[in-house]
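A.B. asks: Sharing a structure here in structure tokens format.
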Amino acid sequence: MHGLLRRLFAPRWQHPDPEVRLKALHTLDPQHPEQRTALVTLAQDDNTEVALAALLALDDLQGLMAGYPEQADNEAWFNALCQRLTGAEGRTDLATRQTVVAQLTDPRLLNALAAQGDNLRLRLAALERMTDEQMLVEHACHNSVAAVRQQAAERITDEDNLKRLLKEARRDRQVVRLARERLTQRRDDAEWLAEQQAQREHLLAQMEKHAHAPWEPLYGGRFRHLEREWRQLDHPATAEQEQRFQQAVLGCRKTLQDHEAQEQARQQSLARRAEVENTRDQLLSGLEETLEGLTHGTDLTAQDIDSLRAQRQLLDQRWQALSDQHAPHETAQQRYYQVLQQYEHCLEAWQRWLAVRSALEQAVVQHDTAALSALMTQCDWPATLTSPALLAQAQTQLAHTPQTSATPPRGLRSRPWPPTWIASSICWSAVRSKAPAASTSASNR
């Protein structure tokens, strides 16, 4: 009974029948508070037609937007929303509609707004939200507003769409020119890209070939040139090209590093050889100066001979050690043999002197001219070699003794050095004039 009374006396907009509620809805005035409350309640109605009618009566754009995701396939809802967004229906201000459009993602709504919007900024805002180039082509060709057509054409980048635009956009010369320029630019870009790729492949092939080539004087310069040319290309290389290039660069740098190591080892070897040669020269110069000093002294003593022998022993030891490191040049080897020959001549003369020294000393004391002459002949002392004091005294004594023959005793004759010794002395004099002061100091030590 209570339910029956309620149905009999309840407002018609609360009637269970949607058709009754829909008819009652059209009698409600949104300006009347109580009736507006009823419309708000009906906007949440389970019946889509009733809810849509209530939202339209309330002119509730936000309510239409909130219900659209579930009613996207409802053509009546779509049309109602489009009419409110485009400004064809309703009293929603432009700023509010622009705010709503700035958040739209539905292609159908955006397409309708760009085509039917009552304001240029509204259309451009909808166009800016579009991502489908097919729609952009439609607007670039057929939109009623020139600014929208041009803006849509600016957004088109696909080559096929540009060709379609060039073919269909006959009503707008600026759009046609833009499409033609874009196509020309794309062709130019494609040619430039192909050229860049060809240059990269060419440089890459050259760099890979260079990485397997042996070192030569221009290897480093060629490598740096190829590397600089690679970096100057504007278009970036692919990952595979960059990897190949880096592998080739590593190969080139390894070749350069290996050569640098070899060159450093060669320079070190040359430096060691020069040091060995300099040491040889100092040793030879020292012995040569000692031998030369024996030809200009005033008295030859046993100490001089001992010093000469010590120098010869040092020369033999060092010469062999140096030869184990680096074999001497032929000129140095000849010089070495000549110095040894001079040394042997000097030692032979000293041995002969030692053999006659005691007898010669007795003959000098006894003024035995005949014995002196015989012993001088037996000693056969070289005239160019400084003689010992006793031998010089004997020579002086013989020189002041009257002779029965015009031929002086053999011991007093000027006996020249052997030819090989004379040649060695000449060679030594030439070397001595060029020898450094360090050589002289080493020999004196």
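The values are calculated or read from the model by the stated rules, or taken from the named source; none is laboratory data. If you're wondering where the values come from, they're calculated on a predicted model, not measured in any experiment. Methodologically, a virtual Cβ is constructed for each residue, glycine included, from the backbone with ideal geometry; neighbour enumeration extends over all protein chains shown. Calculation scope for accessible area: heavy atoms of the full protein, side chains included, ligands and nucleic acids excluded. Shrake-Rupley method; radii C 1.70, N 1.55, O 1.52, S 1.80 Å.
A.B. asks: Between Asn278 and Trp192, how many nm apart are label points set 7 Å from Cα along the C-beta direction?
C.D. replies: 6.2
A.B. asks: What ³J(HN,Hα) values, in whole Hz, does the Karplus curve 6.51 cos²θ - 1.76 cosθ + 1.60 give for the range 164-170 when θ = phi - 60°, with x put for Gly and Pro?
C.D. replies: Coupling constants for the range 164-170: 4, 4, 4, 7, 9, 7, 7 Hz.
A.B. asks: How high is the FRET efficiency between Glu292 and Thr401 when r is their beta carbon distance and R₀ equals 45 Å, given to the nearest 0.05?
C.D. replies: Using R0 = 45 Å, I get an efficiency of 0.85.
A.B. asks: On to the next question. Is the C-alpha gyration tensor of the range 57-105 telling us rounded, prolate or oblate? Criteria: a/c under 1.5 is rounded; beyond that, a/b larger than b/c is prolate, otherwise oblate.
C.D. replies: Oblate.
A.B. asks: Hey, quick one: spin label on Gln325, modelled 7 Å out along Cα-Cβ, who in the range 270-307 has an amide N within reach, i.e. under 14 Å?
C.D. replies: Flagged as within label range: 270-283.
A.B. asks: Rank-order 303-315, 366-378 by packing density, defined as the average count of other C-beta atoms within 10 Å over each peptide's residues, highest first.
C.D. replies: Highest mean packing first, the order is 366-378, 303-315.
A.B. asks: Compute the helix-to-body angle for 389-399: its Cα long axis versus the longest principal axis of the chain, expressed 0 to 90° and rounded to tens.
C.D. replies: Roughly 40 degrees between the two axes.
A.B. asks: Separate question: Taking Cα Rg over 2.2 N^0.38 Å straight from the coordinates, which label in (i) 1.10; (ii) 0.95; (iii) 2.69 is the correct one?
C.D. replies: Here the calculated entry is (iii).
A.B. asks: Would you mind working out the accessible area per residue for the range 87-246, using a 1.4 Å probe, and quoting it in Å²?
C.D. replies: I get 59 Å² per residue for the range 87-246.
A.B. asks: Normalised by the residues of the range 10-73, what does the relative contact order come to in percent, with Cα pairs under 8 Å and at least six apart?
C.D. replies: 23
A.B. asks: Under the 0.36 nm per residue contour assumption, what length would be gained going from the current alpha-carbon distance of Leu390 and Gln243 to full extension?
C.D. replies: 43.8 nm
A.B. asks: Still on this model: Helix-derived [θ] at 222 nm for the chain: sum -39500 (n - 2.57) over DSSP H runs of at least 4, divide by residue count, nearest 500?
C.D. replies: Result for the chain: -24500 deg cm²/dmol, rounded to the nearest 500.
A.B. asks: Could I ask something else about it? Straight-line reach from Lys254: which aspartates and glutamates have Cα under 18 Å away, leaving out those fewer than 8 places along the same chain?
C.D. replies: Candidates past the 8-residue exclusion: Glu208, Glu216, Glu227, Glu263.
A.B. asks: Report the full-extension gain for the segment Glu227 to Gln366: residue separation times 0.36 nm, less the Cα-Cα distance, to one decimal in nm.
C.D. replies: Fully extending the segment from Glu227 to Gln366 adds 40.3 nm.
A.B. asks: Using per-residue counts of other Cβ atoms within 10 Å, averaged over each peptide, order 71-79, 257-265, 18-26 from highest down.
C.D. replies: Top to bottom by mean Cβ count within 10 Å: 18-26, 71-79, 257-265.
A.B. asks: Sticking with this one: For the chain, with all protein chains present and a 1.4 Å probe, just round the carbon and sulfur fraction of the accessible area to a whole percent.
C.D. replies: Answer for the chain is 51 percent, counting heavy atoms of protein chains only.
A.B. asks: I'd like the per residue volume of the convex hull spanned by the Cα atoms of the range 81-208, given in cubic angstrom.
C.D. replies: Value for the range 81-208: 117 Å³ per residue.
A.B. asks: Cα-Cα pairs above 14 Å in the range 218-262: how many percent?
C.D. replies: 56
A.B. asks: Accessible area per residue, 1.4 Å probe, Å², for the range 262-392: what's the number?
C.D. replies: 52
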